[in-house]
1. Just to be sure I understand the filter: pairs with C-beta atoms under 6 Å, separated by 6 or more residues or on different chains, first member in the range 394-422 and free of Cβ contacts under 8 Å to residues at least 40 places away in the same chain, second member assigned to a strand (DSSP E or B). Which pairs pass?
2. Just the residues that are in contact with a strand residue (DSSP E or B) (Cβ under 7 Å, 6 or more places away or on another chain) and modelled with pLDDT of 95 or more, please, taken from the range 271-288.
3. When the residues of the range 36-91 are narrowed to those that are among the basic types (Lys, Arg) and in contact (Cβ under 8 Å) with a residue 24 or more places away in the chain, which ends up nearest to Met269 (Cα to Cα)?
4. Among the residues of the range 371-385, which ones are without any contact (Cβ under 8 Å) to a residue 60 or more places away in the chain and within 23 Å of the chain's Cα centre (by Cα)?
5. Among the residues of the range 92-118, which ones are free of Cβ contacts under 8 Å to residues at least 40 places away in the same chain, of a type in the set (Val, Ile, Thr) and either within 21 Å of Glu45 (Cα to Cα) or assigned to a strand (DSSP E or B) (or both)?
6. Being under 19 Å from the mean Cα position of the chain (by Cα) and of a type outside the set (A, V, I, L, M) is the requirement here; does Gly363 meet it?
7. Would you mind stating whether Ser301 is under 22 Å from the mean Cα position of the chain (by Cα), polar (S, T, N, Q) and outside any loop (DSSP other than H, G, I, E, B)?
Amino acid sequence: MFKKALSLAIALIMVLTLGAAFASCGDLGGDDKDYTIESPLPAKELTSTVNVPSDFKIGFIFLHDENSTYDANFINAAKTVKSVLNLTDDQVLFKKNIGEDDSCYNAAKELANAGCKVIFADSFGHEDYMLQAAKEFPNVQFCHATGTKAHTEKLSNYHNAFASIYEGRYLAGIAAGMKINEMIKNGTKINGKTVTADNATMGYVGAFTYAEVISGLTSFYLGAKSVCPTVKMKVQFTGSWFDQTKEGEAANALIAQGCVLISQHADSMGAPHACEATGVPNVSYNGSTVKNCPDTFIVSSAINWAPYLLYISECVIKGEAIATDWCGGIAEGSVVLSDINGKAAAAGTKEALAEAVKKFKEGTLKVFNTDTFTVDGKKVESFKCENTTEVVKDGFFAESVARSAPYFEFNIDGIEFLNTKF
C-alpha cells in the first residue's frame, strides 16, 4: 500500500511539473519567487486503472538527450507514464542520442528483441527507419511523433502522433504581443532603439522549413497580431534541430536587424541565452528557461506527450488498436503552458491567456481563421493536404485533421523568411 501511495504521489508531482522541462518559475531564488505567475494551462494529473502484466515493456528512441529541450520534454513524459503505471526500470528502456539514420533502425530492432511490446521514436527523420522495423516485427507496435506516413503505409502496427501545439504557440504569441504593446507604451529601448508601433518586429529562430515549423511560427505570429496589429516577424532558419551556436547566432542576427522579441522552434538554449545577454524578451519552447534567463523569459508552450504515451501503453496492455493518426489538444491535456515570469511578462498576461484558453475549449477561437491572414495579398480559399483532402472550410484552415502532423506551409504576409534553403 505504501509503495502504491508513494508511486501515485510521485506521478502527481511529475505531471504537474513535467519534470525539469517545466520547472517552476518560483525557482528563481530569493525575492524573485514573487514574480511567479501560475500557468493558465498546466499539465493535468494522469491516472490509470489497468493491470500491467509483468512482461510488458515499452521502448523509447530519442534524437538527443536531456540537454535538448525537445527531447527532455519526451523523456520527462516517459518518466511520468512509468510512474503512473508503476513500471520497473526493466520495463522502460531508453535509447538516447539516436540519429535520423540506420542507428534508429538498429535501436528499434534492439528494443524489439529485448521484448518491448511498443516502441516510440520522437523525431521526424526517424520515420523511415521505424517503418523498416515495423515491417520486420509485425507483433510489436511502433509509434512515431511528427511523422506523416502512417495513414498511407496502412500498417496495423505503425502509428503517427502529434498535438494541436499551434494552439499553444498562438497562446504564447498573445503573451509576446502583449509584451510588445507594453514596450511601445513605455517607450522601451531595445538595442538602443525605441520600440514603436511602426518598428514592432519579432524574430523567430526556426530549425527547418518543414510544415511543422512553419505552422508553429505562423500560429505564434497570429497570436501576437491578435493583440498587436502592427507586429511583423522575421525568421532565420538554422538547418538543425539542435545547434546552440547556430541558434545563438541566429538570435543575435535577428536582434541586430531590429527584432524586439525572440521566439524559437529549435531545441537548444542558444536563443534564450542570446536574449538574456542582450536584454531582449524571449518566448521559449518545450519548457521554462527562467532559471537561466530570469530577466527575459516570458512563457513557454509545449506538447505534453504523457497523455499519448499513457494511451499507447494502455492500448497495448488491453489489446486494443492504437489510432493510426492521433492528435491531442487542450482537452486531452496535450497542450500546456509553463508558469509565467511576471518579471518579464506584461501585466494582464495570465488573464488574457486564460480567456483565449476558454475560447479554444468552447471552439470559438480558430488559429488559422482565413479572415486573419493573407498570402501575397490574397485570402486562402483552398488547400488540399497531400493533394487529396480539402482542409479549408467554414472560414478556417483545419490543421492536423487530415493527418496528425501539421501541413500548414504558407509564408503569410507579415512574416519574412530571411533564408529558405533548409
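1. Between residues of the range 394-422 that are free of Cβ contacts under 8 Å to residues at least 40 places away in the same chain and residues that are assigned to a strand (DSSP E or B), the close pairs are Phe396/Asn369; Ala402/Cys385; Ala402/Thr389.
2. Going residue by residue through the range 271-288, those that are in contact with a strand residue (DSSP E or B) (Cβ under 7 Å, 6 or more places away or on another chain) are 271-272, 275, 280-288.
Residues satisfying the conditions are Ala271, Pro272, Cys275, Val280, Pro281, Asn282, Val283, Ser284.
3. Going through the qualifying residues, I end up with Lys79.
4. Step one: list which residues in the range 371-385 are without any contact (Cβ under 8 Å) to a residue 60 or more places away in the chain, which gives 371, 374-385.
Of everything in the range 371-385, just one residue is without any contact (Cβ under 8 Å) to a residue 60 or more places away in the chain and within 23 Å of the chain's Cα centre (by Cα), namely Cys385.
5. Selection gives Val92 alone.
6. So Gly363 does not fit the description; no.
7. It is true that Ser301 is under 22 Å from the mean Cα position of the chain (by Cα), polar (S, T, N, Q) and outside any loop (DSSP other than H, G, I, E, B).
Each row is one residue, and each column tells you yes or no for (1) charged (D, E, K, R); (2) in contact (Cβ under 8 Å) with a residue 12 or more places away in the chain; (3) surrounded by 22 or more Cβ atoms within 10 Å (Cβ to Cβ).
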site	(1), (2), (3)
Ser301	no, yes, yes
Glu314	yes, yes, no
Lys318	yes, yes, no
Ala321	no, yes, no
Cys327	no, yes, no
Ala331	no, yes, no
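The values are calculated or read from the model by the stated rules, or taken from the named source; none is laboratory data. It should be emphasised that the depicted structure is a prediction, and the values quoted were computed from it without experimental measurement. We place every Cβ from the backbone using ideal geometry, glycine too, and count neighbours over all the protein chains shown.
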